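The values are calculated or read from the model by the stated rules, or taken from the named source; none is laboratory data. None of the values given here were measured: they were computed from a predicted structure. In this analysis, Cβ positions are derived from the backbone assuming ideal geometry, glycine residues included, and neighbour counts consider all displayed protein chains.
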Amino acid sequence: MTNIIEQGGVSTDIENGIGTITFEHPKSNSLPGKVLKELADTITAMGQDDRAKVIILKSAGDRAFCAGASFDELISIQDYPTGKEFFMGFARVINAARKCPKFIIGRVQGKAVGGGVGMASAVDYCLATKHSSIKLSELAIGIGPFVVGPAVERKIGKSAMTELAINATEWRDANWAARKGLYVEVFENTELLDEAVGALANRLASSNPEAMKELKEVFWQGAENWDELLEKRAELSGKLVLSDFTVNAINAFKAK
């Protein structure tokens, strides 16, 4: 189990004013604490790197965008401080994206679950393929999308967020996500997706950095309390993950 948790990571590239951040994990780009920390730190660092005028956030491979929380790590949590710290990983990624002074373009090539939906919601402009269905599966394992909830709700509204959170076992397709505002546009394949992401990134790389910074601050008004809010949500998730219900539910999912 330890070896699986420790796998995965984050890589970066900066070229022609475009910074690209790529995260990966062999289990459908799931997110153990190690990858979450690298991702939050990398977003923060690239936000301060003058070489990058705009940022693309993507995952490796051509299938799943992000499977959300690592079940291997969730099932290994034995105490409340460890549980809170794990969910703080998601909080830090979301807040890093929120505070980043540069626009972040999300490139979603496949399915997004739980924390993956939160990441797609935390970027400033998200493009996807038709294969990019979404699901907030947390309630099905006895937790709830507490930490990612504010980001998802900000993007798609409380009604759609409620639908996803309650109907935790059913997928919503990419067109549904686009209608609700998570994705700006949905493409037939990754080639067309990458073409659109690249075109937008190139335009933004030649735009006024100060204007983009100020505009991003306007877009994120109302989220200034998220440092405290998401920490409280992480505390709640850290308690729930220790319940017998959640432990049994995660084991059942892993056995499928």
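Quick notes
- Residue in segment 17-29 that is small (G, A, S) and under 20 Å from T190 (Cα atoms) present: yes
- Counted residues, segment 130-140 - those being within 21 Å of N189 (Cβ to Cβ) and crowded, with 23+ Cβ neighbours inside 10 Å: 2
- Filter result (among the hydrophobic types (A, V, I, L, M, F, W, C) and either surrounded by fewer than 22 Cβ atoms within 10 Å (Cβ to Cβ) or over 23 Å from G144 (Cβ atoms) (or both)) within segment 75-107: I75, I77, A96, C100, F103, I104, I105
- Hits in segment 125-154 - residues which are charged (D, E, K, R) and farther than 18 Å from E195 by Cα: K135, E138, E153, R154
- Segment 239-256, subset assigned to a helix (DSSP H, G or I), hydrophobic (A, V, I, L, M, F, W, C) and surrounded by 13 or more Cβ atoms within 10 Å (Cβ to Cβ), residue modelled with the highest pLDDT: L240
- Residue ID - nearest to K213 (Cα to Cα), chosen from residues in segment 22-54 that are in contact with a Lys or Arg (Cβ under 8 Å, 6 or more places away or on another chain) and of a type in the set (A, V, I, L, M): V54
- Unmet criterion (only one of (1) part of a loop (DSSP other than H, G, I, E, B); (2) within 20 Å of S243 (Cα to Cα); (3) in contact with a Gly (Cβ under 6 Å, 6 or more places away or on another chain)) for G83: (1)
- When the residues of segment 10-41 are filtered to those that are among the small types (G, A, S) and within 17 Å of the chain's Cα centre (by Cα), the one that is surrounded by the most Cβ atoms within 10 Å (Cβ to Cβ) is S30.
- The set of residues from segment 168-197 being farther than 22 Å from F146 by Cα and polar (S, T, N, Q) comprises N175, N189, T190.
- Residue within segment 213-227 that is touching a helix residue (DSSP H, G or I) at 6+ places or on another chain (Cβ under 7 Å), exposed (fewer than 12 other Cβ atoms within 10 Å of the Cβ) and within 30 Å of T82 (Cβ to Cβ) present: no
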